[in-house]
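Working notes, beginning with the structure itself.
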Amino acid sequence: MKVLFVFSGNSTKVHPFISEQRLSLEKKGVQIDYFPIIGKGLTGYLKNLPNLNKIIKINSYDLVHAHYGFSGMLAVLQTKCPVIISFIGEMNFPILRIISRIALRFSAYNIFVSEELKIKSKIKKNNYSIIPYGVDLDTFVLLDKVESRKKLKLPLNRRVALFSGLFDNPDKNYQLAKDSVNLVDGLILFELSGHYKRNEVNLLFNACDLLLLTSPREGSPQVIKEAMACNCPIVSTDVGDVKEIIGNTKGCYVTSFDPLDVAEKIKLALKFGRKTNGRQKIKHLDVNIIAKNIIDIYNSVLA
């Protein structure tokens, strides 16, 4: 089976959840090629259509799997291959939601990473599944906290919270995190930048006292699943499927957007003071299990 992954190529590197899904599918015998879309906005995306048609014709793909609704909109404009679209978070934004709703009407199948996104899509057909991106349990493993801090040169005698993204990313709501952390004595807030390699991110989850996510909206944040895989305590706003993923895991807390509430949940996580059993709770989200579910969808579309 030959599948073409279509996604935004404006970033300097492929997002890990896409590359990890590719690797897991290839391990099961699916041939995956990339078509990164270069250009921004609807016009920028549409300029890629001739090249997309050309590549599909030359390589005779069985399926096109688009990641994000905007990429799906481009993908459904070609008519040579059935299209599957993975919707990740675009339903949270009005303009992207409109474009995504149009795209899903012409796709062969749709994958939503959370129930919330499916509801927002207002999809009428039954050609969909709710499947989060999987977490690589071979990459995100349990390590010693002290040794992890030494490798990252983090202070051994301070409490450290890992922020879920870049401080200057407006979608991550750093201001709420900052205001909340300021209410907790002696806590350092550390930034999770895109410069870290995957093994270094694993070190961070093992080194820190908790993960802090304060986003106003999310689909199915990968960082939550990765932190769970490392048994890292979590404090997160109630966005996307966070509450579902965390469940009743002790040491993990869902909070409102009130800095006082966030600070109180941080204090609870610090008081918990040990590793969680989060890894046990997300074994069903292993990237290899998710790959099998994706292949089942591929086969159903081609049947």
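Can you list the helices (runs of 4 or more DSSP H) found entirely within region 162-247 that contain at least 1 residues being farther than 20 Å from residue 143 by Cα and in contact (Cβ under 8 Å) with a residue 40 or more places away in the chain?
Values: elements: 174-181, 198-207, 222-229, 242-246.
Qualifying helices (runs of 4 or more DSSP H): 174-181, 242-246.
Of all residues in region 105-130 being assigned to a helix (DSSP H, G or I) and within 17 Å of the chain's Cα centre (by Cα), which is surrounded by the most Cβ atoms within 10 Å (Cβ to Cβ)?
Going residue by residue through region 105-130, those that are assigned to a helix (DSSP H, G or I) are 105-106, 115-121.
Filter once more, keeping what is within 17 Å of the chain's Cα centre (by Cα): 115-118.
Values: 115: 13, 116: 21, 117: 27, 118: 18.
It comes out as 117.
Where residues in region 132-158 are of a type in the set (A, V, I, L, M, F, W, C) and in a helix (DSSP H, G or I), which of them is surrounded by the fewest Cβ atoms within 10 Å (Cβ to Cβ)?
Filtering region 132-158 down to residues of a type in the set (A, V, I, L, M, F, W, C) leaves 135, 137, 140-143, 146, 152, 154, 156.
From what's left, in a helix (DSSP H, G or I): 146, 152.
Numbers: 146: 11, 152: 16.
Only one residue tops the list, namely 146.
Go through 193, 148, 180 for me and flag whichever is within 18 Å of residue 252 (Cβ to Cβ) and hydroxyl-bearing (Ser, Thr, Tyr).
Numbers: 193 fails: within 18 Å of residue 252 (Cβ to Cβ); 148 fails: within 18 Å of residue 252 (Cβ to Cβ).
Just one listed residue meets the conditions, 180.
I'd like to verify a number: residues in region 119-130 that are in contact with a strand residue (DSSP E or B) (Cβ under 6 Å, 6 or more places away or on another chain) and more than 21 Å from residue 292 (Cβ to Cβ), how many?
Filtering region 119-130 down to residues in contact with a strand residue (DSSP E or B) (Cβ under 6 Å, 6 or more places away or on another chain) leaves 127-130.
Adding the requirement that they be more than 21 Å from residue 292 (Cβ to Cβ) leaves none.
Result for region 119-130: 0.
Select, from 95, 102, the only residue that is surrounded by fewer than 18 Cβ atoms within 10 Å (Cβ to Cβ) and either at pLDDT below 95 or assigned to a loop (DSSP other than H, G, I, E, B) (or both). Let's see the steps before the verdict.
Values: 102 fails: either at pLDDT below 95 or assigned to a loop (DSSP other than H, G, I, E, B) (or both).
Exactly one of 95, 102 is surrounded by fewer than 18 Cβ atoms within 10 Å (Cβ to Cβ) and either at pLDDT below 95 or assigned to a loop (DSSP other than H, G, I, E, B) (or both), namely 95.
Search region 10-37 for residues being buried (at least 17 other Cβ atoms within 10 Å of the Cβ) and closer than 13 Å to residue 295 by Cβ, and hand back the single one that is farthest from the chain's Cα centre (by Cα).
Looking at the filtered set, the residue picked out is 30.
The values are calculated or read from the model by the stated rules, or taken from the named source; none is laboratory data. Fair warning: this is a prediction, and the values are worked out from it, not measured in the lab. Counting neighbours? That spans all protein chains shown, and the Cβs are built from the backbone with ideal geometry, glycine included.
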